[in-house]
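This report refers to the structure that appears directly beneath it.
FYI, it's all coordinate maths here, none of it is from the lab. Please read these numbers as outputs of a predicted model, since none were measured by experiment. All Cβ positions, glycine included, derive from the backbone under ideal geometry; neighbour counts span all protein chains shown.
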């Protein structure tokens, strides 16, 4: 019998943000969220470039959008904010951890979603906030 937990995903993993960070820096919980004006209990990441792009594009800062390649330094779980809530299963391969993520690289270039797609997403998120449904379970 194997006591080891099954690995959720082997990556590679990405973190989309507007924060300017360096290779070797650690992303950790208990910093102000990219999306809400509160500290986050988890650090969020994904194994899909598309989800990382949304993370960078939707972060509230006015700084440059960035996508970092990250390495989880501890256990992680499916992100309950999208898994089985917005999408059956975890097709976005979105995760969260209470352990740090180490930045191992930054993507030098990537194609953004179109302005139309970003504006549609922002409008949808605004509507959810107005309806009191834009809750992040953290």
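Here are the numbers for the structure shown:
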{"read-out": "Cα radius of gyration and Dmax for segment 76-125 (Å)", "value": "14.3, 35"}
{"read-out": "Separation in nanometres of the label points that stand 7 Å from Cα toward Cβ, at residue 65 and residue 81", "value": "1.7 nm"}
{"read-out": "Calculated FRET value between residue 113 and residue 8, using beta carbons and R₀ = 30 Å, to 0.05", "value": "0.70"}
{"read-out": "Inter-label distance for residue 25 and residue 124, nm, one decimal - labels placed 7 Å from Cα along Cα-to-Cβ", "value": "2.9 nm"}
{"read-out": "Least to most buried among 40, 109 (fewest other Cβ within 10 Å first)", "value": "109, 40"}
{"read-out": "Pairwise Cα inverse-distance average, inverted: Kirkwood Rh of segment 13-130 (Å)", "value": "14.6 Å"}
